[in-house]
Each structure stands twice: as C-alpha cells, then as structure tokens.
Amino acid sequence: MRVKLAGFNIDADILRRLDPGRGRHLTPETLSAAYARISRSPLAVDQLRKKACQDVEKARRSNQKIIFEMGHHSVAEHAVFNFDIMGVSRLALEEIERFRLASYTEKSQRYVTLEGDLVLPRELRAPESRKTFQAIVARQNRFYFRAFERLQRRLQHRHREIARSAAGQRLVEGWAKEDARYILPLATSGQAGVTVNARSLEHMFRSWRLSPREEVRRLAGKLHALVMPIAPSLILFPEPTDFDREAFAAIDGHFAAARPRPGQDLEIVAATENGDDMILAARLATVGSLDFGRALVRVRKLSPARKKTLLVEFFRKIQFFSAMPREFEMADITFQAVVSASCFAQLKRHRMATLLAGDYAPELGFSLPASIRDAGLDDEFAAIIRTTDEAYRRLRAAHGAAADYVLTNAHRRRVLMKMNLREMYHFVRLRDDAHAQWDIRALAGALAARVRRLWPLTAMMLCGKSRFAEEYGNIFSAPPAGAAPEASPGQEI
Ligand SMILES: Cc1cc2nc3c(=O)[nH]c(=O)nc-3n(C[C@H](O)[C@H](O)[C@H](O)COP(=O)(O)OP(=O)(O)OC[C@H]3O[C@@H](n4cnc5c(N)ncnc54)[C@H](O)[C@@H]3O)c2cc1C
C-alpha cells in the first residue's frame, strides 16, 4: 500500500506571496484532471498528478472533455474553494447557506453586538422607496440598542450569581443580544466563511442567478469572476437552464398564490409507520442478508417487551456525542412549522434533511421574546412590527421580493421539513440543549416529544445534550459511561 497527501487547501494570501508572478499556474484543476484519469489509465495516481501539473492546459482540456462530453461532473468535486463573503444581508445569507454539500460559518447575531450595518438593496434605491426603507430600519435599530441595554440590565440583575464572572457577564450579555435582535431587519449586514467544491459551486451559480434578489444575482457574478481565472475547466454550466427557470411555472400558475393564514406552529404531516420495527428489520435484513419483508415479519413476531429489551441493550453504551447508525435513517418524519427568521437562521444549517421554506409573511404573525414582554417593551415592539408591515406592503406592491429586506428577525414563515431519526438525534441533541437559543429549542423540544411518542423504542434516548445523563439514568438507573457534556446555565425561556 502507498499513500500520499496529494493536496489541502491553503490561505490564498499565502499562495499569492509564494507566487507573486502568478507563473506557477496554481489551480486545483490538476487534481480533478489526474483523478478523472484514474478509471482508465494504467499509471499510478501520483504519476497522473505529476503529468497534470506538468501541462495544466492539457489537464484543463481533459477536464472539459470528461465533464462536458462525458458528463462526469463528479471529478469537479476534487477541487475545493474557500470564500470570505462580507457585507451581505441576512436574506442573502439564507440563499447562500441553502446548499447542503458545502460548509459555512456565519457571524452570529447572538454573540456579536450589531452596529447598525445594513444592506440597502439596489431595488429600493429610488428616492421614495429608499425613504421608506431608511425610516423603518432606523426605527428598528434604535429600538434594538435601547432594548439591548434594558434587557442586559434586567438579566444581569436576575442572574447576579452568573454575572459575577467575566464569562458569566458575556453569557448574560449574549442573552440580551439574542432577544433584542428580534426587531432587527433582514437587511442587517452579516458575513460568512464558505467552503465548497466546484460541482456544488456550479449548482449554486445556477440557483443564485435565478434569485429574486439583485444582491444574490450580483454575488453569483462576483464569485464566478473570482473562480474562472483559477479553474475555468471545472465550472462549465454556471447559467440556469430553461428547466431551472420554468419547470414550476405551470404548477405555480395553476395554484394562484393563496394568502398565508396562521395555523399550528408545529404539525407532523407524514411519518414512517412503526419506525421502531422498520429500524430493527433493516438491521436484521442487513446482518442476516434477509429479504426485508421477511425481516419485518420476524421483527413483528417479537413481543413488545422483547423489542424493548433489545433496544435498551442497544443504548446501554451510548455517550452524549454518539452518532446514531445508518439504520436509524429508515424512519423519517415530515413536519411543517411556522418559524421566526431567527429560528430559521439556525434551522437552515441542518443540512442532512429536506427543508422547503415559504416566503416570510406578516399574516403569520411575529415571534416575541419573553424577555421583551417582561421588560414591558412588548407594546412598542408590536407597534414597530405594525409599522414594518405597512412599509413592507407598500414596498412589496412596487418591488416584490425586495420588500423582505425590511421584515425583522421576528417575522415568520412556514417551513416543510423531512428528517430521518438519525438526523433528528443530532438536531435535538444540539438544539434542545441548554446552550441552544430559546426559539429553536422550543421547536426541537416539541419535535422530540412527538417523535418519542411515534417511535418510543428507537427514540428512547432522543434528548438535548444537557439532559442526556438524566434521560440515561431514567432508563438504566445509573450514570452514562464516558465524559458528561459541559454544563451551562440556560436563559430561562
Ligand atoms: C449553540 C450553538 C451555537 C452556534 N453558533 C454558530 C455561530 O456562531 N455561527 C455559525 O455559523 N453557526 C453556529 N452554529 C451552527 C453550527 O455550526 C452548525 O452549523 C449547526 O449546529 C448544524 O450542525 P451540523 O453541521 O452538525 O448539522 P448538519 O448539517 O445536519 O450535519 C449533520 C452531520 O453530518 C455531517 N456533515 C454534514 N455536512 C458535512 C460536511 N460538509 N463535512 C463533514 N461532515 C458533514 C456531520 O457529522 C454533521 O454533524 C451554532 C450551533 C449551536 C448548536
């Protein structure tokens, strides 16, 4: 066996310093070209790489042939890019982070005091619209700073013990920030680091170029202009097709847009019937090389007590960070929920799921943090939301989707999400936890309760990290093996 480290991503500023004359053709294309040749060449991989590096133009032609003519887009996955994306709106960040096969880290509104940095969308630059936009976002920001100060004072008083230490101070300050920001507009400026391979990037370009927002279409152009000098042979289809553009036209046209109406905040719309049996049968079918139908019959013959004993043994050695096995993907649940923009900003990051999001709509109401109510700021908060909704309706009539920029983190949308039990364990562990933010924690907690009722055996250990030891103790009357998760005081919801 021979193994070599063939490549890893390096900061572009270092590369520029290493190759000031740009003479060295620094490109990830040679990796794609070399790996694309593995399937049909007698040469060893490291020899293929050497050849590709010796003649980059030939490597490029080879990539184009393999991707364009033979349709093997997968070779483009061997090229990975990192992007700093700065000064974009919260709304644009939603469209950036919509893709699952990529990695993101975003500036958090929970931990960073916002300075009122805003994106004025080009669609709203006409004097009348600009005036409407600036008037409402200025009012939202003034309230943010006042609310932050008042909440911080109140929370420091209520949590005097916690606030004694510097870390405690920061924690309490974070609670004040995460609630005050509910009044901030989706035009608020943010930034993110993005890591993505060339194949996903091409897909992003096609999707962003169809965005209803000029800001996102412009972002696509900027990233494309940055990548093409480096890897022209790997980005071949950056333009949306007629299918991308029009496929849903007839369907959307037929169901003329109904105005959204408030409904239940959380509703299960579909779930695998008897997920416990499905998961047990999947295991039996795999390890026993049994036909799945026969495996299911055998599982269904087991007594409920016997099934419980088997699953209890399955969980005996679990630790708070243990990932569930692939068999747990055999049970999935589809739910709809009405969530605030703040909750959605966190929910969208769970990539191992199917997430469909409707537009933000004032008709769906707004989410009000309890701390704002307790501080007696709820009337003023609601008044600003009403004024925002009026501004939104005026701007929407003239500028369509660009009106969303004035909506706030408190405004809501309806989402449809499908998750399997494996991802649900991960989601609930992170989000129904003391470190989690109250809004998504409420959603995760409600979901966990429903899933535990649906699949009581395989979901018996479905809980937030901070409640892991307690749940384990309820089943095994003993503490779990291994380290306990770091304890942290949560903000009373
Ligand atoms: C308390 C808290 C604070 C947070 N603060 C911030 C913040 O300040 N800024 C911020 O940007 N985010 C923040 N996040 C979001 C966090 O970074 C994750 O994006 C989010 O929790 C989703 O988790 P995940 O990526 O593990 O989930 P999923 O995307 O659902 O992934 C599930 C699992 O699949 C695997 N996986 C998925 N994609 C990849 C991949 N590309 N490469 C390797 N493995 C992969 C991993 O094992 C992962 O655990 C915070 C989250 C929490 C809970």
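The values are calculated or read from the model by the stated rules, or taken from the named source; none is laboratory data. This one's a predicted model, so the numbers in the text were calculated from it and none came from an experiment. Because the Cβ atoms are built from the backbone with ideal geometry, glycine has one as well, and the counts that use them run over all protein chains shown. With ligands, DNA and RNA removed, areas are computed over all heavy atoms of the protein, side chains included. Shrake-Rupley method; radii C 1.70, N 1.55, O 1.52, S 1.80 Å.
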Evaluated at q = 0.10, 0.14, 0.15 Å⁻¹: base-10 log I(q)/I(0), Debye formula over Cα of the stretch 128-255
-0.62, -0.86, -0.89
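Starting from the Cα-Cα distance between Glu214 and Thr105, subtract it from 0.36 nm times their residue separation and give me the gain in nm to one decimal.
Gain in length upon complete extension: 36.9 nm.
Add +1 for every Lys or Arg and -1 for every Asp or Glu among the other residues with Cβ under 10 Å from the Cβ of Arg429, and state the total. Numbers along the way, then the final one.
Details: positive: Arg431, Lys465, Arg467; negative: Asp432, Asp433.
Result for the local shell: +1.
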Kirkwood Rh and Cα-based Rg: tell me the resulting Rg over Rh for the stretch 109-193, rounded to two decimals.
1.10
For the stretch 340-355, Karplus couplings with θ = phi - 60° (6.51, -1.76, 1.60), whole Hz, Gly/Pro x
6, 4, 5, 5, 4, 4, 8, 4, 4, 7, 8, 7, 7, 7, 9, 10
Can you give the calculated 222 nm mean residue ellipticity of the chain, where each DSSP H run of n ≥ 4 adds -39,500 (n - 2.57) and the sum is split over every residue, rounded to the nearest 500 deg cm²/dmol?
-14500 deg cm²/dmol
Kirkwood Rh and Cα-based Rg: tell me the resulting Rg over Rh for the stretch 1-43, rounded to two decimals.
1.08
Contour excess over end-to-end distance, with Cα ends at Lys131 and Arg373 and 0.36 nm allotted per residue:
84.1 nm
Quickly work out the Thr286-to-Arg300 label distance, labels modelled 7 Å from Cα along the C-beta direction, and quote it in nm with one decimal.
2.3 nm
What would the Debye equation give as log₁₀ I(q)/I(0) for the chain at q = 0.08, 0.09 Å⁻¹, counting only Cα atoms as equal point scatterers?
-0.64, -0.81
Can you pull the accessible area of Tyr35 for me, 1.4 Å probe, Å² to the nearest 10?
60 Å²
Could you check the spin-label model distance between Ala167 and Thr387? Points 7 Å from the Cα along Cα→Cβ, value in nm.
4.1 nm
Convert 37 °C to kelvin, take the viscosity as 0.692 mPa s, use the Kirkwood radius over C-alpha pairs of the stretch 1-78 as Rh, and evaluate the Stokes-Einstein diffusion coefficient in µm²/s, rounded to a whole number.
245 µm²/s
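Report, to the nearest whole %, how much of the accessible area of the chain belongs to carbon and sulfur atoms, 1.4 Å probe, protein only.
54 percent
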Grab the Cα-Cα distance for Glu363 and Ala6, subtract it from 0.36 nm times how many residues apart they are, and report the gain in nm with one decimal.
123.1 nm
For the stretch 159-229, what is the per residue volume of the convex hull drawn over the alpha-carbon atoms, in cubic angstrom?
135 Å³
Place a label point 7 angstrom from the Cα of Ile475 along the Cα-to-Cβ direction, then list the residues of the stretch 291-317 whose backbone nitrogen is under 12 Å away.
308-317
Give the lysines reachable from Lys307 as a straight Cα distance under 27 Å; neighbours fewer than 8 places away on the same chain don't count.
Lys317, Lys418, Lys465
How big is the equivalent ellipsoid of the stretch 247-314 along its three axes, where each semi-axis is √(5λ) from the Cα gyration tensor, reported in whole Å from largest to smallest?
41, 18, 9
Around Ala391, with a cut-off of 11 angstrom between Cβ atoms, what is the net charge of the other residues, counting Lys and Arg +1 and Asp and Glu -1?
+4
When all C-alpha to C-alpha distances in the stretch 58-217 are sorted into bins of 10 Å, what percent of pairs does each bin hold, rounded to whole numbers?
9, 27, 26, 20, 12, 5, 1
